[in-house]
1. Determine, yes or no, whether P114 is under 15 Å from the mean Cα position of the chain (by Cα), closer than 27 Å to L242 by Cα and either crowded, with 20+ Cβ neighbours inside 10 Å or not aromatic (F, W, Y) (or both).
2. Got a sec? Which of N273, N277 is at pLDDT 85 or above, within 18 Å of H97 (Cβ to Cβ), within 17 Å of the chain's Cα centre (by Cα) and among the polar types (S, T, N, Q)?
3. Tell me whether segment 262-280 contains one or more residues that are of a type in the set (S, T, Y), touching a helix residue (DSSP H, G or I) at 6+ places or on another chain (Cβ under 9 Å) and not in a loop (DSSP other than H, G, I, E, B).
4. Which of the residues that make up segment 60-72 are surrounded by 19 or more Cβ atoms within 10 Å (Cβ to Cβ) and not polar (S, T, N, Q)?
5. Output the strands (runs of 3 or more DSSP E) that fall wholly within segment 56-164 and possess 3 or more residues being not hydrophobic (A, V, I, L, M, F, W, C), or say none.
6. Modelled with pLDDT of 85 or more and closer than 17 Å to L155 by Cβ: is that true of A215 in this structure?
7. Need pairs with beta-carbon distance below 7 Å; first residue free of Cβ contacts under 8 Å to residues at least 12 places away in the same chain and within segment 49-76, second acidic (D, E); sequence gap 6+ or separate chains.
8. So which residues in segment 280-294 are more than 14 Å from L226 (Cβ to Cβ) and either in contact with an Asp or Glu (Cβ under 6 Å, 6 or more places away or on another chain) or surrounded by 14 or more Cβ atoms within 10 Å (Cβ to Cβ) (or both)?
Amino acid sequence: MTAHARGFRKILLAGVCLVALVVASDRAVLLLIPDYHTITEADENSGYRLRPRSTGRDFSTLKGEHRITSYFIGDWGERVASPAATSALGRPLIACHGDSYTFGQGVPWEDAYPAQLARELGGRATVLNLGVPGYTAWQSGRALARSLERLNPDLVVWQLCGNDDDRENPAGKIDALPWTLLPRLGFSARLLTDIARSGVAGDPARNTSRAVPEALGLLERTRTPLLVLVQGYPPSLPKGQLHRLSEPNARFAVVEIGDLPEAAYLRSTLHFNADGNRAVAVAAAQAIRGQPWLAAALETEN
């Protein structure tokens, strides 16, 4: 064998080993973080969004929950129970917006808080789960504006978290790219960027203190009630400021979820399990029943 041939074989072997390493790394990363690239697409208003009629599988729950979690997206970009499911837009209609806590990362559809809220309300309302994993408050506000225009809900429930001022997650944009290899490599990038951006402030023009008043303006114009579920107060919108916003607004209520016990969380992530999400659903249902103007939203005829 000539030196040229031996050199070629070494290069070929190195290439094969590199491909095997990339594939193995891809599989390993999927055990650490959810696979969202199959359910996201690029969006000019919010960076990315959930792709209608798509399906994704979350292998990251294998390590803690000992199961694979499936995600199904319906016609309106909402999470649904199965690939064939569609959300009939019956009245009254409640649109639930937020990030992965609203979406129900790591739990089946029926265990996410919007599905449990529908049950807590005795099936008297259609509740859409419009949460998008990785969204900031600014992105959720853009999605909220879109749902007001397209769906005309009778009530909006918006879940805010303490990290809503963080820099927008680039992983969703990576996931939304059409070329498969880039989203796969993007999983590793997600791990690094999530660690690097933890607590890093995003664009001040897109923080929660601007997103919430903008959304309130839209809701006022459409006379749509708003219930905000606070998972944690973002730095730009501390408790006092958020409550001051609600005081002059007769159709805006705030409910603090508070700290839940360790048993309310998944073993594999920092997200809620079925019990944790039920606590959120119960708090939301109690607020709806306790506010006359919120309860009135449920009186809309089907």
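1. Here the answer is yes, as P114 does meet what is asked.
2. Exactly one residue qualifies, and that residue is N277.
3. yes
4. Y71 - this is the single residue of segment 60-72 that is surrounded by 19 or more Cβ atoms within 10 Å (Cβ to Cβ) and not polar (S, T, N, Q).
5. It comes to 69-73.
6. Against the criterion (modelled with pLDDT of 85 or more and closer than 17 Å to L155 by Cβ), A215 qualifies.
7. Final answer for the pair search is I68/D58.
8. V280, A281, V282, A283, A285
The values are calculated or read from the model by the stated rules, or taken from the named source; none is laboratory data. Note that the structure is predicted; figures quoted are calculated from it, not measured. Neighbour counts are summed over all protein chains in view; Cβ atoms, including those assigned to glycine, are modelled from backbone coordinates with ideal geometry.
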